[in-house]
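Written out below as structure tokens is the structure these notes cover.
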Amino acid sequence: MRNVKKLVALACSVVLTAGIFAGCSGKSDDKGSAGNDSKKDVTIDIFQFKVEAKDALEKATKEYTALNPNVKINVQTVGGGEDYGAALKSKFASTEEPTIYNIGGTQDALDWKDKLEDLSDQPWVSNAFDGTLDSVTLDGKLYGMPFNQEGYGFIYNKDIFSKAGIDPASIKTLADLEKASETLDSKKADLKLDAVFALPGKETWVTGLHLSNVAFSNEFKSAKDAFDAKQIEFKYNEQLKKLLDLQIKYAFKPDKTNKSINSVDYATQVEKKFALGKVAMVQQGNWAFGSIDGVDADLAKNIAILPMPLEGVKEGAIPVGVPMYWAINSKKDADTKKAAKDFLNWLYTSDKGKEMIIKDFKFIPALKGYESEALQPSDPLAKDVLKYSNEGKTMPWVFMGYPTGWGMDKLGADIQKYISGEITWDKLVENAKSTWSEARTK
């Protein structure tokens, strides 16, 4: 979810079920799933956050408009270091409101409710996996279509681990991870590593959302529980500190100081360090495969995901959930909304659309109907996410229930200050508790 950005109050929670590919298949023709039989010329403006999906989405729009020549689709992508939430607000404040845009979980659904079309009657709804629509359902109305499902942890280089004599299967606890990190660090020269980890301190969505989720998914059962919570105990803050400290200790530091970790962004972490074999591990998810594959296709075939262990909690699990939802602007005219609904339904349920979702978008689908062998994810990270899910080794994305902006602007910003030595961990915990409570009382 590089993707994820501020709208991630995002994100709703739900894990892949053990029967992710079980269920009935909804099939439709490739001319438009909902029957786009209107001949009126319409323009659909899509404003979306997922940088990794930009090329695939543009390809899909060309396929669809070839079948529906009365429809014109424009795609604008904002993400990859930019604040999608702020950009979306600016977009709506302009005279060019998008037709299709992205929202996260319950908080976003509430924030944007006046601009959200009810999608309850759409054909794809019956194919959604249990729980994936809960966070975008308000008062019996459905306001979002799930993008896909994603999982994350520590992506590691199998070849480097093998050369270091480390068995990934042996890493189950934080102590195991510490031992493996020490071994890798001691062999940096032979392995031609700059560091064991690349920690992107600049990306507060990685730390304030994804990393913190490992602790809070053990405090809350779901994103909805987090959303309803007026305050936090931060029960597992000490365990989280140890996991963060381990990464800081063995992180790539551009100028050899901890403070410089905060200058490391996603591109440096994934493309310049991990994909070039300069670090052994990075905290990221299956969405990073395309970036890695684009740099070194051979290396990309030889990677996998390890859990992010905390002491004294469920071992061997990775966070899995829905990163974002497609939403339709309820203020658009009826013909434009109909075409927008048809496009999304075509993309996720037509034969051609489903093929693109797997092969071009490289998504793990959040809908049933992808059971055939030809529609199974092919990249190793997606396969790993499915493996953890099918084994029941998952935890929810409770960060989707954080107060708006809290994970990135408050906790994430304080993690940056902690990394640079500006505040203590105790102060970070104190701030986290107070800013959460303040956000919930507004």
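Of the cross-linked pairs Lys259/Lys387; Lys59/Lys224; Lys54/Lys427; Lys54/Lys368, which ones have a Cα-Cα span greater than 28 Å in the structure shown?
Going by Cα-Cα distance, Lys259/Lys387; Lys59/Lys224; Lys54/Lys427 fall outside the 28 Å limit.
If you put +1 on each Lys and Arg Cβ and -1 on each Asp and Glu Cβ, how big is the dipole of the range 314-442 around its Cα centre, in Debye rounded to 20?
Here the size comes out at about 400 debye.
Here's the picture: charge each Lys and Arg Cβ at +1 and each Asp and Glu Cβ at -1 in the chain, and of Gly153, Asn127, Leu243 the one pushed furthest to the positive end of that dipole is Leu243. Pick from Gly140, Gly321, Gly369: which residue has the top mean-square fluctuation in a GNM of the chain where Cα pairs under 10 Å get a spring? The residue with the greatest mean-square fluctuation here is Gly140. Rounded to the nearest 10 degrees, the inclination of helix 334-349 to the longest alpha-carbon principal axis of the chain is 50 degrees.
For the pairs Lys362/Lys393; Lys179/Lys278; Lys202/Lys337, note any where the Cα-Cα span goes beyond 29 Å. The answer is Lys202/Lys337.
Springs join every pair of Cα atoms under 10 Å in this Gaussian network model of the chain, and among Val282, Val429, Val270 the largest mean-square fluctuation is at Val429. Neighbour counting of Cβ atoms within 10 Å sorts the residues Glu182, Glu150, fewest neighbours leading, into Glu182, Glu150. Placing unit charges on each Cβ (+1 for Lys and Arg, -1 for Asp and Glu) gives the chain a dipole about its Cα centre, and among Gly392, Ser222, Thr268 the Cα reaching farthest toward its positive end belongs to Thr268. Entry note, the chain: the mean residue ellipticity at 222 nm calculated from DSSP H runs of n ≥ 4, each adding -39500 (n - 2.57), is -9500 deg cm²/dmol after division by the residues and rounding to the nearest 500. Counting other Cβ atoms within 10 Å as a rough exposure proxy, the listed residues Thr441, Thr106, Thr137 run Thr441, Thr137, Thr106 from fewest neighbours to most. Here the Gaussian network model covers the chain, with springs between Cα atoms less than 10 Å apart; of Pro319, Pro380, Pro403, Pro380 fluctuates the most. Listed by Cβ neighbour count within 10 Å, with the fewest neighbours leading, Leu110, Leu381 appear as Leu110, Leu381.
Can you give me the angle between helix 380-390 and the longest principal axis of the chain, using Cα atoms only, in degrees from 0 to 90, rounded to the nearest 10? Helix 380-390 sits roughly 90 degrees off the main axis of the chain. Candidate cross-link partners of Lys172 among the aspartates and glutamates, defined by an alpha-carbon separation under 17 Å and a same-chain spacing of 8 or more, comprise Glu182, Glu311, Glu315, Asp384, Glu391. Here's the picture: charge each Lys and Arg Cβ at +1 and each Asp and Glu Cβ at -1 in the range 345-442, and of Ala382, Thr404, Ile415 the one pushed furthest to the positive end of that dipole is Thr404.
Values in this text are rule-based calculations from the coordinates and carry no lab data. As the structure is a prediction and not an experimental result, all values here were calculated from the model. We place every Cβ from the backbone using ideal geometry, glycine too, and count neighbours over all the protein chains shown.
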